[in-house]
Amino acid sequence: MESDDDNCGCLTKRRKSSEKNLRSSTVNFTLAMTLPLGPVAHPEYFLGKRVLVTGATRGIGKNLVKNLHYLGAQVIACGRTDADLDTLCAEVSGIQPLIFDVTKWSTIERKLHSIGDVDFLVNCAGISYLGSILNATEEQFDEIFNTNIKGLFVITKVFAEQLIKRKAKGSIVSVSSQSSTSGIRRHGLFGASKAAVEAFTRCAAVEFAPHDIRINCVSPSVILSKTARHIWNKAKDSKGFVSKIPMKRFGEVHEAVQGILFLLSDKSSMITGCTMPVDGGFSAC
Ligand SMILES: NC(=O)c1ccc[n+]([C@@H]2O[C@H](COP(=O)([O-])OP(=O)(O)OC[C@H]3O[C@@H](n4cnc5c(N)ncnc54)[C@H](OP(=O)(O)O)[C@@H]3O)[C@@H](O)[C@H]2O)c1
């Protein structure tokens, strides 16, 4: 079976030979619009734009990089693992790799000041710890919060500063989680870090709106990236969890990507400070 991380979902598998030249020098909009699924509905928003994606080496972030590249964006793919970034660059020619650990505040400031103008930001880097609050350690707390909110905070701050300085509009999307608003067993630490992401997003939306910068979140249920498959394949409560989702299934990576592309693009031009569930109806219950 093809790895979900490598499966661009809505495009790679479906791209037919007749469409091979779609991205030679320009995107053929007419042809793109005839393709069956979502991302191709947004080429006009991303063509020639520079998009910075964190957590780009795996899962949702990697799939997003492939979709954005297909849509004509110039993608700056961020990760902390050399080998994974090399693999991504080999798979998607023309993307710009950028190595940094999102927990390192000053490194991020330095790196982001060296890459030139960027139009869009997607905060996808994140880690999870699923376990009892009673077993959590200080080390785990610091690792989760440093990765999931500190890193996202400083990247967003530097990105917004740069946009404001050059009086440019921009859009930011972060990935939170359904556990930020629902009490889910074993999600105490992870859910708290993602709730911080959503609170930050609301406040940043208010502060950035006068500068024409929008910021939103997608809030997924379980999305079957390799990491999530690994966790949920062995979780005892996996079936019980699915049964609480009205659509009775976990999400696929490309379904989270669709939500991100919508909120990132001008299709959502009047939307800021919102968290959009991608959860099969879980949050509607
Ligand atoms: N999949 C789900 O079910 C689900 C549900 C709710 C929310 N989310 C959120 O969605 C996002 C993506 O999830 P995913 O399942 O696609 O994750 P994933 O496959 O595990 O990928 C996580 C990405 O984040 C990067 N990363 C982690 N720590 C980092 C650090 N300190 N510095 C730089 N990069 C770092 C990883 O890079 P390395 O390879 O170098 O570690 C990797 O590229 C995460 O924020 C996650 O919390 C996912």
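The values are calculated or read from the model by the stated rules, or taken from the named source; none is laboratory data. As the structure is a computational prediction, the values presented were derived from the model and not from experiment. Please note: Cβ atoms are built from the backbone with ideal geometry, for glycine as well, and neighbour counts cover all protein chains shown.
Things to note:
- Residue check, residue 229 part of a helix (DSSP H, G or I), within 13 Å of the ligand (Cβ to nearest atom), among the basic types (Lys, Arg) and touching a residue at least 60 places away in the same chain (Cβ under 8 Å): yes
- Options 247, 276, 270; residue that is closer than 27 Å to residue 120 by Cα and assigned to a loop (DSSP other than H, G, I, E, B): 270
- Criterion violated by residue 219 - all others in (1) in contact with a strand residue (DSSP E or B) (Cβ under 7 Å, 6 or more places away or on another chain); (2) within 12 Å of the ligand (Cβ to nearest atom); (3) part of a helix (DSSP H, G or I) satisfied: (3)
- On the stretch given as region 52-75, residues that are in a strand (DSSP E or B), more than 13 Å from the ligand (Cβ to nearest atom) and surrounded by 24 or more Cβ atoms within 10 Å (Cβ to Cβ) total 1.
- Scanning region 88-108 for residues that are in contact with a strand residue (DSSP E or B) (Cβ under 9 Å, 6 or more places away or on another chain) and within 17 Å of residue 70 (Cα to Cα) returns 88, 89, 92, 94, 95, 96, 97.
- Applying a threshold of 8 Å to beta carbon distances and a minimum spacing of six or more residues, or different chains, the list of pairs starting in region 121-133 at a residue that is away from the ligand (no atom under 14 Å from the Cβ) and ending at one that is of a type in the set (A, V, I, L, M) reads 131/189; 133/189.
- Boolean, residue 87 is out of contact with any helix residue (DSSP H, G or I) (no Cβ under 8 Å at 6 or more places or on another chain) and either modelled with pLDDT of 95 or more or surrounded by fewer than 17 Cβ atoms within 10 Å (Cβ to Cβ) (or both): yes
- Residues that are without any contact (Cβ under 8 Å) to a residue 12 or more places away in the chain and of a type in the set (Lys, Arg), drawn from region 232-279: 234, 236, 239
- Number of positions in region 157-174 that are touching a Leu at 6+ places or on another chain (Cβ under 8 Å) and crowded, with 21+ Cβ neighbours inside 10 Å: 6
- Residues that are surrounded by 14 or more Cβ atoms within 10 Å (Cβ to Cβ) and either among the charged types (D, E, K, R) or away from the ligand (no atom under 12 Å from the Cβ) (or both), drawn from region 246-265: 252, 255, 258, 261, 262, 263, 264, 265
- Which listed residue is more than 14 Å from the ligand (Cβ to nearest atom), assigned to a helix (DSSP H, G or I) and hydrophobic (A, V, I, L, M, F, W, C), from 158, 118: 158
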